[in-house]
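Here the structure comes first, spelled out in structure tokens, and everything after it is commentary.
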Amino acid sequence: MRWIAIIGLAICIMGSAAAKEGVILLHGLARTNSSMAKMAAPLADAGYVAVNVGYPSRTATIDELSDAAIGSALRHESLLECRKINFVTHSLGGILVRAYFKNHSEPRLGRVVMLGPPNQGSELADKLGDWWLYQKINGPAGNELGTTTDSKPNQLGPVEFELGIIAGDRSINWINSLIIPGEDDGKVSVERIRIEGMKAHLVIHAPHPFIMKNKTAIAQTIEFLKTGQFSPSETLP
């Protein structure tokens, strides 16, 4: 596939393959893997082989990005000996995971934690998708994130893997929040992060751009990867 050849991936490996359980981290739209570094380090400290993937999110469609980024990461030598591979994603990264496993299988797939995913799309794409600046900033994938029934997130259907979702309910962009109905994180409403088939759902006080760096989000992510559920308390020791 031509995108595998031309899409460059920046991959940062943390931890030892002797841990036998890996975590692939996928950042959001118009971000880089440096945005997930604060999440990757505690995962490595918890004993996981943390593979922090960077991909050019503004250059291609969701299907093209998911095939290139996830396909390449799964074949990375640091994960070959891992008996289980989990995912931790921010925003668009969660939609890439859904798109990839809609069309592919992976016997080692473990648990998935999504942070602020637009699982039912975002009203921002509906309202701003035709704007030149929106298209320039967000690229082809950004235009696929609307809330209509034919948008990419809404075409993917229920998830069939063990999924925990963390939503934020704090916004630092009041203009965006005027467009989004209900509680939101400045990009996605709390309601629209939900998806049929998810196992657990948690709302924390964090904005979309920084939820992956939030201490509660980090602690709860590790909790879900270990146990398959979030702690009943919003904060963990």
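Read-outs: derived from the displayed coordinates by stated rules, not from any lab. It should be emphasised that the depicted structure is a prediction, and the values quoted were computed from it without experimental measurement. A quick note on method: Cβ atoms are made from the backbone with ideal geometry, for glycine too, and the neighbour counts reach across all protein chains shown.
Values as computed for the structure displayed
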{"read-out": "Selected residue (only one of Leu115, Leu65 is in contact with a His (Cβ under 7 Å, 6 or more places away or on another chain) and of a type outside the set (Ser, Thr, Tyr))", "value": "Leu115"}
{"read-out": "Failed criterion for Leu163 (all others in (1) over 21 Å from Glu64 (Cα atoms); (2) assigned to a helix (DSSP H, G or I) hold)", "value": "(2)"}
{"read-out": "Tally, over the stretch 38-77, of residues that are over 21 Å from Ala99 (Cα atoms) and more than 14 Å from the chain's Cα centre (by Cα)", "value": "12"}
{"read-out": "Filtered residues of the stretch 142-160 (kept if under 20 Å from Trp131 (Cα atoms) and β-branched (Val, Ile, Thr))", "value": "Thr147, Thr148"}
{"read-out": "Among the candidates Pro232, Pro209, residue that is part of a loop (DSSP other than H, G, I, E, B) and out of contact with any Lys or Arg (no Cβ under 6 Å at 6 or more places or on another chain)", "value": "Pro232"}
